[in-house]
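**Q** Below is a structure I'd like to ask you about.
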Amino acid sequence: MQASVRLATPIGRAVLVTTALFAGATVIAALLGAASVAVVVAAAGLLALTAGVGAVVPSSGIFARPVVGVHTTRRELALTFDDGPDPRWTPPVLDLLESRGHRGTFFVIGERAAQHTGLIAEMARRGHEIANHTWSHSLSTVFIAPRRLAQELARASDLIERTTGTRPIWFRPPAGLLSPRIAPAARLAGLKLVTWTASGRDGVRFTTVKSALSRLDRAIVPGAVLVLHDAARDGDRGPIACDVLRVLLDRMESAGLTSVGLSELCASRPA
């Protein structure tokens with residue numbers, strides 16, 4: 001029996017539909033003279049706020065229901081890494097994981113992977129799972145039509161498969177941003193949508209090791225999906241993933257937890 005994946009809440013979609021219906025009814029009422037402009041503006045603001053939450057809070061379930069964790073009794077979780085590969089920053093992460101007996105899942109950017117196919121192949125040889133993080137890592141991904149986005153995802157998946165011999169299963173959108181277009185594109189590309197249980201937000205310029213760890217601490221539990229970044233996307237500052245990871249691994253191991261690949265976590269049998 002497989003472990004049970006934990007999806008984003010199903011309530012979010014109902015909230016969005018209810019808010020949209022309310023906003024629409026308010027506009028109709030205003031046209032009939034039964035509601036003021038102020039009420040219409042308030043309804044539109046509420047709809048915009050709901051949509052904004054859906055875009056930036058993956059667990060809200062408003063636009064999609066990505067995997068956010070796994071229900072399992074095994075002492076396992078999944079450490080995941082976004083935005084690589086980077087020939088300077090990714091190898092130290094690989095070495096640290098290997099030295100401590102853990103495996104990770106690396107969500108790679110296609111255009112970076114194309115420049116460093118040898119590194120991608122090495123990551124796979126060392127037992128890590130390679131997953132899809134789009135080809136170009138554009139924050140405008142949320143606006144791309146599903147078929148066009150699916151083509152971009154397929155391009156990245158094709159490269160990963162040619163390089164490692166294994167086609168990726170998982171897709172995480174850039175910055176975890178969601179829209180009504182993301183989930184259909186993932187389905188068209190044959191990928192499963194995943195976000196996270198907790199993110200260190202270490203890809204943000206002003207995040208410190210301490211603040212990243214404080215965000216991750218609450219999720220050092222069986223079945224969690226945790227996010228760090230093994231490449232720099234924000235300015236010239238190098239990633240702090242290794243500094244965070246050293247402490248994070250200490251805390252995981254103190255709790256008796258081991259990191260495995262995301263697919264392995266989702267397929268693990270209860271202890």
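**Q** Would you point out which residue out of T134, T90, T73, T105 is under 22 Å from the mean Cα position of the chain (by Cα) and under 19 Å from A224 (Cα atoms)?
**A** The match here is T105.
**Q** Can you tell which of L119, L153 is under 17 Å from the mean Cα position of the chain (by Cα) and either assigned to a helix (DSSP H, G or I) or modelled with pLDDT of 95 or more (or both)? Reasoning before the result, please.
**A** On the way: L119 fails: under 17 Å from the mean Cα position of the chain (by Cα).
The match here is L153.
**Q** Which of (1) surrounded by fewer than 20 Cβ atoms within 10 Å (Cβ to Cβ); (2) not in a helix (DSSP H, G or I) does A124 not meet, given it meets every other one?
**A** Only one criterion is unmet by A124, namely (2).
**Q** I've got another one for you. Determine whether the range 81-94 contains at least one residue that is more than 17 Å from F171 (Cα to Cα), in contact with a Ser or Thr (Cβ under 6 Å, 6 or more places away or on another chain), modelled with pLDDT of 60 or more and assigned by TED's automatic domain parsing to the domain that holds L149.
**A** No, the range 81-94 has no match at all.
**Q** Which residues, taken from the range 192-215, are among the small types (G, A, S) and within 25 Å of N132 (Cβ to Cβ)?
**A** The answer is A198, S199, G200, G203, A212.
The values are calculated or read from the model by the stated rules, or taken from the named source; none is laboratory data. For clarity, every value in this text was computed on a predicted model and none was experimentally measured. Neighbour counts run over all protein chains shown; Cβ positions are idealised from the backbone, glycine included.
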